[in-house]
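> Got a structure for you, questions after.
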Amino acid sequence: MPSAVPVTSRRGVLAGGAALAVLGVLASACGNSPPKPPPVETLLGPLDQARKDSALAGAAAADIGHPPQIAAALTVVATQRAAHARALSTEITRAAGKLAPSSSETTSPGPASPAGPPPPPPPVSDVIDALRASAESASRLVASESGYRAGLLASIAASCTASYQIALVPGGPSI
């Protein structure tokens with residue numbers, strides 16, 4: 001018995017291809033929407049800490065009683081933490097979909113100080129404690145972030161750790 005071979009025309013192949021293309025478009029349209037980026041609120045804590053650490057290290061660096069290498073290390077720590085604050089502020093602004101603020105807008109002036117002598121500079125141990133807390137906080141947040149944010153927070157944690165474990169150790173290697 002002869003078998004009947006189905007005849008396939010070009011028109012049938014083109015119609016089948018078009019149907020598959022439409023099916024593919026419909027299937028992708030019904031898929032999951034792209035994931036939303038994590039909220040920027042998680043970066044507000046590290047931003048606040050970076051600003052406070054920068055001010056604290058800068059105030060401690062102004063103390064004339066420190067050895068020159070510790071004063072220099074404190075100055076570098078203040079500069080690094082200010083850079084961390086700028087990077088965090090830039091990421092918050094970018095994620096919120098706003099234009100980047102000018103550098104003068106990222107630093108807010110502190111409250112006006114009353115007349116009288118300035119407060120004594122903080123001891124290095126206060127700076128070390130603040131850096132330790134900042135490093136631990138950033139390390140905890142790394143696991144909840146991804147991509148650039150995770151890298152930024154990991155870099156901040158590493159910088160703070162190196163500062164308090166190496167650069168600010170009395171008698172140890174300093175910057």
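The values are calculated or read from the model by the stated rules, or taken from the named source; none is laboratory data. Just so we're clear, the structure is a prediction, and the values are computed from it rather than from any experiment. As a convention, Cβ positions derive from the backbone with ideal geometry for all residues, glycine included, and neighbour counts pool all protein chains shown.
> Of these, Asp126, Asp63, which one is at pLDDT 90 or above and not polar (S, T, N, Q)?
From the options Asp126, Asp63, the qualifying one is Asp126.
> Anything in region 128-149 that is surrounded by 15 or more Cβ atoms within 10 Å (Cβ to Cβ), free of Cβ contacts under 8 Å to residues at least 60 places away in the same chain and more than 10 Å from the chain's Cα centre (by Cα)? List them, or say none.
Hits for region 128-149 are Ile128, Arg132, Ala135, Ser139.
> Can you tell me which of Ala133, Ala85, Ala78 is at pLDDT 90 or above, touching a Ser or Thr at 6+ places or on another chain (Cβ under 6 Å) and either at positive phi or assigned to a helix (DSSP H, G or I) (or both)?
The conditions single out Ala78.
> Continuing with this model, one more query. If I go through region 150-165 residue by residue, how many of them are polar (S, T, N, Q) and within 13 Å of the chain's Cα centre (by Cα)?
Adding up the residues that qualify gives 2.
> Could you pull out the residue among Pro68, Pro121, Pro111, Pro101 that is modelled with pLDDT under 95 and under 21 Å from Glu41 (Cα atoms)?
Within the list Pro68, Pro121, Pro111, Pro101, the selection yields Pro101.
> I'd like the residue in region 143-159 that is part of a helix (DSSP H, G or I) and hydroxyl-bearing (Ser, Thr, Tyr) and, out of all such residues, is modelled with the lowest pLDDT.
Tyr148
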